[in-house]
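These notes concern the structure reproduced below.
The values are calculated or read from the model by the stated rules, or taken from the named source; none is laboratory data. Being a predicted model, the structure only gives us computed values, none of them experimental. FYI the Cβ positions are ideal-geometry reconstructions off the backbone, even for glycines, and counts take in every protein chain you see. Ligands, DNA and RNA are excluded from the accessible area calculation, which covers all protein heavy atoms including side chains. Shrake-Rupley method; radii C 1.70, N 1.55, O 1.52, S 1.80 Å.
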There are 4 protein chains.
Amino acid sequence: MNFLSDNAYGAWPEILAAVVRCADGTAPSYGADDVTGRVKQRLGLLFERPLEAFPVISGTAANALALATLCPPHGAVLCHAEAHIAVDECGAPEFYTHGAKLIGLEGENGKITPAGLAAALSHLLKGFVHHAQPAVLSLTQSTELGTVYTPAEITALADLAHANGMKVHLDGARFANALATLNTSPAAATWAAGVDVMSFGATKNGALGAEAVVFFDPDDVGDFEYRRKKAGHLISKMRFVSAQLEAYLDGGWLARAAHANALARRLAEGLQSVEGAVLAHPVEANAVFVSLPDGLVRRLKDGGAQFYLWGPPAGGRSLVRLVTSFATPEADVERLVALANSEKMHRG
Amino acid sequence: MNFLSDNAYGAWPEILAAVVRCADGTAPSYGADDVTGRVKQRLGLLFERPLEAFPVISGTAANALALATLCPPHGAVLCHAEAHIAVDECGAPEFYTHGAKLIGLEGENGKITPAGLAAALSHLLKGFVHHAQPAVLSLTQSTELGTVYTPAEITALADLAHANGMKVHLDGARFANALATLNTSPAAATWAAGVDVMSFGATKNGALGAEAVVFFDPDDVGDFEYRRKKAGHLISKMRFVSAQLEAYLDGGWLARAAHANALARRLAEGLQSVEGAVLAHPVEANAVFVSLPDGLVRRLKDGGAQFYLWGPPAGGRSLVRLVTSFATPEADVERLVALANSEKMHRG
Amino acid sequence: MNFLSDNAYGAWPEILAAVVRCADGTAPSYGADDVTGRVKQRLGLLFERPLEAFPVISGTAANALALATLCPPHGAVLCHAEAHIAVDECGAPEFYTHGAKLIGLEGENGKITPAGLAAALSHLLKGFVHHAQPAVLSLTQSTELGTVYTPAEITALADLAHANGMKVHLDGARFANALATLNTSPAAATWAAGVDVMSFGATKNGALGAEAVVFFDPDDVGDFEYRRKKAGHLISKMRFVSAQLEAYLDGGWLARAAHANALARRLAEGLQSVEGAVLAHPVEANAVFVSLPDGLVRRLKDGGAQFYLWGPPAGGRSLVRLVTSFATPEADVERLVALANSEKMHRG
Amino acid sequence: MNFLSDNAYGAWPEILAAVVRCADGTAPSYGADDVTGRVKQRLGLLFERPLEAFPVISGTAANALALATLCPPHGAVLCHAEAHIAVDECGAPEFYTHGAKLIGLEGENGKITPAGLAAALSHLLKGFVHHAQPAVLSLTQSTELGTVYTPAEITALADLAHANGMKVHLDGARFANALATLNTSPAAATWAAGVDVMSFGATKNGALGAEAVVFFDPDDVGDFEYRRKKAGHLISKMRFVSAQLEAYLDGGWLARAAHANALARRLAEGLQSVEGAVLAHPVEANAVFVSLPDGLVRRLKDGGAQFYLWGPPAGGRSLVRLVTSFATPEADVERLVALANSEKMHRG
């Protein structure tokens, strides 16, 4: 019963097969190969516009490289206070941007609001050399807390960012999960809503290690390719990363994310009947955040469930994160739900 | 009526004379001169212990170099959310530390509390490679909001920091103002309370441009001297900076800070009787933060008073910062007070 | 006829199979998995000593992370003027070390000599704050020019480096090719000869993208793990990189490198009889550097041979690099040799 | 007899007086003051064109900030192998540029030649992501070895640099000494010859610590002001630095440099008659490089002369550097010459 993270699971057979397929013969190195070219075309079709796309092997690399391309060293990246880039990348964006500042904004359910963004901007004087200059708004989709921005919400935030001369970055490590929920086109959920650059994730939804940095406006690419090289992220046999992305795009990525989402909803539903369990956030993607009594946490762990506490326990309760994936067995979900409800039954 | 900043004022005659005095003949370059050596001795006497001290020419340089020496690139510096290093140095600490993370803590009147520090630490898992690792607690004394930590308050914070393997840095750009208020020894206000390294400021209190980075434990110096050189802050004719510090230490630095503090208290007192004026923070050093109706703000400006708004106006009121210095004319203070009270008189 | 680079070729079937094998079920993320643990053990057995080993996905990442761990920002890395780290990584070491200096040393056949190293060190004053401080000697094995250091040569250089307080790094992107030539134990070729840290390459010899940074002394690891994370090189599904390394170590890596070396020797032999062809360096690994008349270069390219010119043509001649790999078809080698010799035959 | 460096000497009385003069009253901080504005105008008149100029307090800061503004992290700065930026700034340019590469070119008498520059450029492939991209040519005037580029020499180099898309930087720490020798206008020696940005030095020729970064094309300024702030080099009481520059420009800076140059020529002349003394480079500014037998070196030191060895002694001889300044007493020069010639007299 592994609910630690979607990255605890492996990879699709179709992705593995694609990697194996391109292992024969020779190919140009460092991304000049045919597969890499096709992935870019494929993403252009998916997003219904010309774009630039660059494969990398980790979400942190995708985010940090994208942000460094958009944000000068004296710039600021505004993001949610609980964003992955702010909390879980050990300062990768600060390293890659050469010391830009990440400014974390509060906001319910992991989502930034226009009012929160406006308030933060009102304290950063434009052109005032002592203040880090707002350069990028980074949104996470689905959010770190398992919620999803609607296109309208993104548009409102992106309009405000653009009006202040900022670019909009989308951390799409779980973009598939968000899109499966939104039921809109990839275009509508991204550039049409104001996103300039995104980290298009495939790893958490079933690749070995493959993400793409997608620039919806080729003018934004700037020196990205030099940055990627200088960081050791331009790998020589790039076709093996690109092949994953190609197979991912061809292989029902949205359906698999929808599966994970459905399991999360089932989990949430099943836990709602548990005494003392309180859902912390709406369950809109593949993660459930639920506050549980510490006794129940212990019992679930003893019963074989693996998951993370989200922050330190307090007042006899813990906030628990349960993540489902493309490959989480439905039986595991049912087992966890049963385990959580068992005390009630015993008592009954 | 210049209340913009203490750095709007010039320099003491004694400091200028000291600079002129050491302009003849030759001296070893890059800090190997006698004056620089004497300044270190002088600071050792002042703080009643052996120490290492390095002159630099700006507070931002002092802070950023000190922090970079103590905090690895994967580390975090915890400070007040309104600290100078967090807000007004355009990311200098992030640049100098090569991308460490500054984590801003809330706290009334510009002061961090042990509870606030403990809460922040509870979210940064020790040894967890995804989290920036808490490395330094940076306190500002006097604070950015014109208040002063007592030695006991510093001790409580420093003990918590040390217990978590962190070093304690003091941004003492206005240390003189704090000490003049505390009426304790420099030792009691710093290392005896748990401060490991401080930026000892002289510029705001009357030097041309002279600060010293003081390491109370020589083992903490590490590669500071290389960092200073690499940053272009090891100036060739260092004696001219050191001479300022020597004259500063010899020349009644505390009395002059006390003068600035007294003027600030007089300002606060004089403004309290003004209708609609609300002091925002206790006035414990040389700055007054007062919320004023926008009409009054306009009237003061029209009357020739210069000062900064602290954040954007809201609800017809503005938070105003008034700073006094070693050289602020007492008459200016009285004029401002009279100006602020004049409407009341008109009405009367 | 692809002689552009050994990274133009794909991957061993055994390595692909190993990746496929570990795709099922769940595993701890970020390198806490069993496969990663076994790789470390396996490398310890190979090198006959306890060590620390960390998988990464590119040679540039391995080199830059290793160097940054050993070399402070104010340090210098001494290497051959034509080393990959100096010429072909777009300044990755400078980025990762936060601005350390790479000092390129001349030396015949891509090899540094003790005299050259001593001369360079004599110009870098120890403890002199204006000079970058020598921190690391980086050797490439096999070298960028297809030659191989003997253990005795490494020992002489490493002794000099250690005597000057420096660490010794080995860029082993083609370590397999060097070892296949040396016919000594991995231990004798590395730590026993004075190497402290190495980039153990597998990619060029048949992995998808897998290298290991090996610390022979665990005390040297320092903050490596934080650096890897901060750079986005700690990938979530690390087992897929580690599985490649495990299969590599189990699967005749030396025999495959020996095959590549034999093809290079055959190429060199076959080109020696060509009029106007002059071998530039001894052929000791899997690369042939040969000076050819530009007419012959054209003819080879027209005949379908792919290879790089090594520097700009001059005086009607070009220096050509031909690289063989674990998978280069023997027939390609014979075809190239025949093509190069064909003019002679026409003339005859 | 101090011939260690021109920075061993103090400051002109006129410069000290100017600093004292602007210590009264208040002034806008951070360079918004009148004096700083006048210095920019004054430099514009001197160089006969509109320009942007920013005071800083050290030559290393001026160089590193200028280079970082012109050279991206993936760029290369080409300079002489013995340039101050390459050898004596502990990697400041690498730090400020966030890891750009300095490429040192050989060239007689400390001067780069067009052929040497062209050769270096031929090895750095344009647009090739693996190679640092040539971005800046940095020339030192007068050079590190006491020689001077003619405007024609600068033009030839600058034309080549511009044709390759590079900018041209001039390290003018001793620009006064060069100009005093050249007897051309400042314009002719700089922008008219192709210089884009210069570090205009005053410290070595008699300021306390004052240099100006001069951009001859305002479009090149880019984010310079943010970089200066972020580095702690935007000092609050900037007027005290600017006042030095104003007094310097008003006070016979060229005549004082000419004095230093004349003393250097006298030294060279006086040493030429010494047995075993061999001038290493033409004496065109205020430094003499002379190879002396070690016995003579010892005798000079015993006699009270202070100077640096330039590199380690070899073969019983040492290369010695003797620097003269605006304030070097003529008597010291004669004393050194007499001391050096005394053995001859003894023998006679």
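Residues in the range C:146-155 that are more than 16 Å from residue C:197 (Cα to Cα) and surrounded by fewer than 19 Cβ atoms within 10 Å (Cβ to Cβ): C:150, C:152, C:153. Taken over the range C:48-60, the residue count meeting the criterion of being of a type outside the set (Phe, Trp, Tyr), open to solvent by 10 Å² or more (accessible area, probe 1.4 Å), touching a helix residue (DSSP H, G or I) at 6+ places or on another chain (Cβ under 7 Å) and within 14 Å of chain A (Cβ to nearest Cβ) is 2.
Which residue out of B:266, B:256, B:239 is open to solvent by less than 20 Å² (accessible area, probe 1.4 Å) and either closer than 30 Å to residue B:44 by Cβ or touching a helix residue (DSSP H, G or I) at 6+ places or on another chain (Cβ under 8 Å) (or both)? Spell out how you get there, then give the answer.
Working: B:266 fails: open to solvent by less than 20 Å² (accessible area, probe 1.4 Å); B:256 fails: open to solvent by less than 20 Å² (accessible area, probe 1.4 Å).
Going through B:266, B:256, B:239 in turn, the sole match is B:239.
Within the range D:262-273, not a single residue is part of a helix (DSSP H, G or I), over 22 Å from residue D:144 (Cβ atoms) and among the aliphatic types (A, V, I, L, M).
For the range B:172-186, how many residues meet the condition of being open to solvent by 10 Å² or more (accessible area, probe 1.4 Å) and at pLDDT 95 or above?
Step one: of the range B:172-186, the residues open to solvent by 10 Å² or more (accessible area, probe 1.4 Å) are B:173-174, B:180-186.
In the following step, the residues that additionally are at pLDDT 95 or above were identified as B:173-174, B:180-182, B:184-186.
Total satisfying the criteria: 8.
Filtering D:213, D:274, D:197 for residues that are within 14 Å of chain B (Cβ to nearest Cβ) and either open to solvent by less than 10 Å² (accessible area, probe 1.4 Å) or under 30 Å from residue D:299 (Cα atoms) (or both) leaves a single hit, D:213.
Tell me, which residue of the range D:290-303 that is closer than 22 Å to residue D:265 by Cβ and touching a residue at least 24 places away in the same chain (Cβ under 8 Å) is nearest to the chain's Cα centre (by Cα)? Here the answer is D:290. Within the range D:312-326, the residues that satisfy the criterion of being within 19 Å of residue B:26 (Cβ to Cβ) and either in contact with a His (Cβ under 9 Å, 6 or more places away or on another chain) or open to solvent by less than 10 Å² (accessible area, probe 1.4 Å) (or both) are D:320, D:322, D:323, D:324, D:325, D:326. Entry remark, the range A:216-236: residues being part of a loop (DSSP other than H, G, I, E, B), within 14 Å of another protein chain (Cβ to nearest Cβ) and either touching a helix residue (DSSP H, G or I) at 6+ places or on another chain (Cβ under 6 Å) or over 18 Å from residue A:28 (Cβ atoms) (or both) number 8 in total. Please verify whether the range C:117-124 includes one or more residues that are in contact with an Asp or Glu (Cβ under 8 Å, 6 or more places away or on another chain), within 13 Å of chain D (Cβ to nearest Cβ), surrounded by 17 or more Cβ atoms within 10 Å (Cβ to Cβ) and touching a residue at least 12 places away in the same chain (Cβ under 8 Å). No, that holds for no residue.
In summary, residue B:165 fulfils each of the numbered conditions (1) small (Gly, Ala, Ser); (2) farther than 24 Å from residue B:258 by Cα; (3) open to solvent by 10 Å² or more (accessible area, probe 1.4 Å); (4) touching a helix residue (DSSP H, G or I) at 6+ places or on another chain (Cβ under 9 Å) with the single exception of condition (4).
I'm checking my understanding of the structure. Among residues of the range A:1-47 that are in a helix (DSSP H, G or I), open to solvent by 20 Å² or more (accessible area, probe 1.4 Å) and under 19 Å from residue C:13 (Cα atoms), which one is nearest to the other protein chains (Cβ to nearest Cβ)? Residue satisfying both the conditions and the ranking: A:20.
Being over 20 Å from the mean Cα position of the chain (by Cα) and of a type in the set (S, T, N, Q) is the requirement here; does residue A:36 meet it? Please lay out each step first, then the result.
On the way: over 20 Å from the mean Cα position of the chain (by Cα): yes; of a type in the set (S, T, N, Q): yes.
Against the criterion (over 20 Å from the mean Cα position of the chain (by Cα) and of a type in the set (S, T, N, Q)), residue A:36 qualifies.
Residue under question is residue A:250, and the condition is that it be touching a helix residue (DSSP H, G or I) at 6+ places or on another chain (Cβ under 8 Å) and either within 14 Å of chain C (Cβ to nearest Cβ) or not small (Gly, Ala, Ser) (or both); does it hold? Here the answer is yes, as residue A:250 does meet what is asked. Quick one: is residue B:82 open to solvent by 10 Å² or more (accessible area, probe 1.4 Å), more than 8 Å from every other protein chain (Cβ to nearest Cβ) and in contact with a Leu (Cβ under 9 Å, 6 or more places away or on another chain)? Against the criterion (open to solvent by 10 Å² or more (accessible area, probe 1.4 Å), more than 8 Å from every other protein chain (Cβ to nearest Cβ) and in contact with a Leu (Cβ under 9 Å, 6 or more places away or on another chain)), residue B:82 qualifies.
Only residues that are part of a strand (DSSP E or B) and of a type in the set (A, V, I, L, M) were counted across the range C:169-184, and they come to 1. Filtered by the rule that a residue be in contact (Cβ under 8 Å) with a residue 60 or more places away in the chain and farther than 27 Å from residue D:332 by Cα, the range B:22-46 gives B:38, B:39, B:42, B:43, B:46. Taken over the range A:165-199, the criterion of being out of contact with any Leu (no Cβ under 9 Å at 6 or more places or on another chain), among the hydrophobic types (A, V, I, L, M, F, W, C) and closer than 18 Å to residue A:213 by Cβ is satisfied by A:173, A:175, A:178. When residue C:309 is tested against the conditions (1) surrounded by fewer than 19 Cβ atoms within 10 Å (Cβ to Cβ); (2) in contact with a helix residue (DSSP H, G or I) (Cβ under 7 Å, 6 or more places away or on another chain), the lone failure is (2).
Residues in the range C:87-109 that are closer than 20 Å to residue C:200 by Cβ and open to solvent by 20 Å² or more (accessible area, probe 1.4 Å): C:88 only. Filtered by the rule that a residue be over 17 Å from the mean Cα position of the chain (by Cα), among the polar types (S, T, N, Q) and under 25 Å from residue C:91 (Cα atoms), the range D:121-157 gives D:122, D:133. In the set (1) outside any loop (DSSP other than H, G, I, E, B); (2) more than 17 Å from the chain's Cα centre (by Cα); (3) farther than 19 Å from residue B:236 by Cβ, residue B:50 fails one condition alone, (1). Considering B:63, B:109, the condition of being of a type in the set (S, T, N, Q) and within 12 Å of chain D (Cβ to nearest Cβ) is satisfied by B:63 alone.
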